[in-house]
Structure formats: C-alpha cells, structure tokens
Amino acid sequence: MMKMIAFFLIAVVDAAILTSIVSTQLVLADVTSFGLTVSFGDRLQTTLHDLLGLAVPLLLLIGLCFLIAFFIARRAIRIVGGSRMIWYMAAGFMSVPAGIIVIKFFMGGTLLASARTPLGMLLVACCCMAGGWVYAYLTARFENRESADA
C-alpha cells in the first residue's frame, strides 16, 4: 500500500514539474511576441522560480484531479477491461483540464495562465497524460498481482 501511495505521489510530482515548465515557456513565448527578448538565463531562472512558486497549487490541483481520475480509471479497467496504460493515460489527460474548467466555472478565473488558450490546455493535458503513464508503469506489477488474486 505504501508503494502505491509513493507511486501516486511520483506521478503527481512528474505531472506538476512538466506542467510548470510548459506553462512557463508558454507565458515567455507570449512575452517574446511583444518584441521583448528573453535570454536563456532568464528562461532558466523564470522556470526555476515558477517550479517553486507553482509547486503547492499545482501539486494540490493535480493530486486531487488524479485521485478522482485514477479511481475512475481503476474501476473502468475492472468493469470494462482494456489496457491499463491507456486508461491511466486518458485519466491523466482529462483530469486536470476538467479540474481547471470546474474551477473557472465556479471561481471565474483560470488557475494557470497557460491554460487560457486551447494550445495551452492541450499541452497541460499532455503533461498530465505523462503523469498517468508514470503511474500506470510504476503500478503495473502491483495491480496485475491484485487482479490475479481476486
């Protein structure tokens, strides 16, 4: 059980790091569209700053979204069947954009500036899909053993 929790946290951290990096680069791309130049050093410094600054909200958002989505994916695997990898990747892909949309509906604002555009939302979804892949990969041995015992 502790390994499953650790694997879940690894997947959440993975998705949060990727999302933070991608979000920072999208915002910096908008800055350069105004004609300003952003050096590699500035990009690196901003990325590291955002990794620290966005850590808590992103970890909470992604953790909650993954918790719900992975629970649903695990039930779907047992009821519908199919590839665990695809179910968890799909759960990761859809979970955080759905969470962002729900937050926007109730609070009127978008948590991530990068997720305000369709491209940004797609890239955030892809980052979280990677988190779903990490979780499916790390837990494959444990979940397959549980289903064999049942």
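The values are calculated or read from the model by the stated rules, or taken from the named source; none is laboratory data. Keep in mind that this is a model prediction, so the values were computed, not measured. Quick reminder, even Gly has a Cβ in these numbers, built from the backbone with ideal geometry, and neighbours come from all protein chains shown.
Checking L58 against (1) buried (at least 16 other Cβ atoms within 10 Å of the Cβ); (2) farther than 16 Å from G131 by Cβ; (3) of a type outside the set (G, A, S), only one condition comes out false. Which one?
The number of the failed condition is (2).
Under the condition of being of a type in the set (G, A, S) and in contact with a Leu (Cβ under 6 Å, 6 or more places away or on another chain), which residue from region 1-26 is nearest to C128 (Cα to Cα)?
If we take residues in region 1-26 being of a type in the set (G, A, S) and in contact with a Leu (Cβ under 6 Å, 6 or more places away or on another chain), then A16 is nearest to C128 (Cα to Cα).
Closer than 21 Å to F8 by Cβ, of a type in the set (S, T, Y), modelled with pLDDT of 90 or more and surrounded by 14 or more Cβ atoms within 10 Å (Cβ to Cβ), is that true of T139?
Yes, satisfied.
Going by what's in this entry, would V27 be described as surrounded by 13 or more Cβ atoms within 10 Å (Cβ to Cβ), not hydroxyl-bearing (S, T, Y) and not in a helix (DSSP H, G or I)? Outline the logic, then answer.
On the way: surrounded by 13 or more Cβ atoms within 10 Å (Cβ to Cβ): yes; not hydroxyl-bearing (S, T, Y): yes; not in a helix (DSSP H, G or I): no.
Judged against the criteria, V27 is not a match.
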